[in-house]
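So the structure is just underneath, and the comments pick up after that.
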Amino acid sequence: MFLQEKFFMYRITLEWIEEGGTRSQTISDADNTKEVGKILIGRDENQCDIALPKSEKTVSRLHVEIFYDSHRKGWFLKNLTGNRPSPNPVVVDGKMIILEEVLLSIGTVFKLGRIALKVTDIEIIQSKYGVKCQNCMRQIPYDYIGDFCPYCGYALQANETNYLPPQKELPPEN
C-alpha cells in the first residue's frame, strides 16, 4: 500500500433498483469491507460488500470491484470477470468494459447484467495531519513522512513515526 493512502477517508454511495424498489448503500473506509481498500459487488454475499439478488443470474457471483487509486487520484471500476473464457461485460455509461479500469464520478451509471447502479455521491477527505514528531511532539502534515520535522529538524522515519488518524478539522497545536 502506498504510504499516503493511509491519510484519506472516503465515502461512496451507490443507488439501484431491486425488486421494484430503490436501494442505496453508502460505504466508507470505516466499514469492514471484504478486501481492504476495495468494494466488491456481485451476487455472493460471502464475497461481496454489495450483494445483488441471487436470482439475478446475469450478475456474476463476484462481478466488479471499485477502488480508489491515489496515484491517479480517482475512483475506478474493474470488471473481475474479464480474464474468464466467457467474461460477463460491464456497461459503464453505455460503453462495454471487459479488461479496462474505468474512472467513476458522481452520476456514472454501470450495468451488471440487467441491474444498473448509479454513483450518487463520492467524498474524499484528505487529512491535514498524518504524523506526530517524536522529538517536539507536534502534529505534522503527512507530506513530511520520511523527511525532517519542519519545527525541530528531527528525522521522521517510518519505523519511528506515530501515524495519526485522518481528521476533517485541524487539531489544536500543542
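The values are calculated or read from the model by the stated rules, or taken from the named source; none is laboratory data. Predicted model, so just to flag it, every value in this text is computed and none were measured. Note: ideal-geometry Cβ built from the backbone for every residue, glycine included; neighbour counts use all protein chains shown. These accessible areas exclude ligands, DNA and RNA; they are computed on the full protein's heavy atoms, side chains included. Shrake-Rupley method; radii C 1.70, N 1.55, O 1.52, S 1.80 Å.
Quick one: net charge around ASP121, please, counting Lys, Arg +1 and Asp, Glu -1 for every other residue with C-beta under 13 Å from its C-beta. After counting each charged neighbour, the total is 0. For GLU35 and GLN134, a Förster radius of 41 Å and the Cβ-Cβ distance give a FRET efficiency of 0.80, rounded to the nearest 0.05. Once backbone amide H atoms are built at 1.01 Å from N, ILE106 has no partners under 5 Å, excluding neighbours fewer than 5 places away on the same chain. The residues of the range 33-156 have, on average, 52 Å² of accessible surface per residue, using a 1.4 Å probe with all protein chains present.
Taking a threshold of 20 Å on the Cα-Cα distance, which of the pairs LYS38/LYS118; LYS57/LYS111; LYS34/LYS73; LYS78/LYS111; LYS38/LYS95 fall above it? From the list (LYS38/LYS118; LYS57/LYS111; LYS34/LYS73; LYS78/LYS111; LYS38/LYS95), the Cα-Cα distance tops 20 Å for LYS34/LYS73; LYS38/LYS95. If the chain linking ILE98 and SER86 were pulled fully straight, counting 0.36 nm for each residue of separation and taking away their Cα-Cα distance, it would gain 3.3 nm.
Whole-Hz Karplus values for the range 102-114 come out as 10, 5, 9, 8, 4, x, 4, 10, 10, 10, 10, x, 8 Hz, taken residue by residue from phi with 6.51 cos²θ - 1.76 cosθ + 1.60 and θ = phi - 60°; glycine and proline positions read x.
In order along the range 65-82, phi translates into HN-Hα couplings of 10, 10, 8, 9, 10, 5, 6, 8, 6, x, 8, 10, 10, 10, 7, 7, 9, x Hz, rounded to whole numbers, per the Karplus curve 6.51 cos²θ - 1.76 cosθ + 1.60 with θ = phi - 60° and x for Gly and Pro.
Under 20 Å of direct C-alpha separation, and excluding same-chain neighbours fewer than eight residues apart, LYS132 reaches these lysines: LYS6, LYS168.
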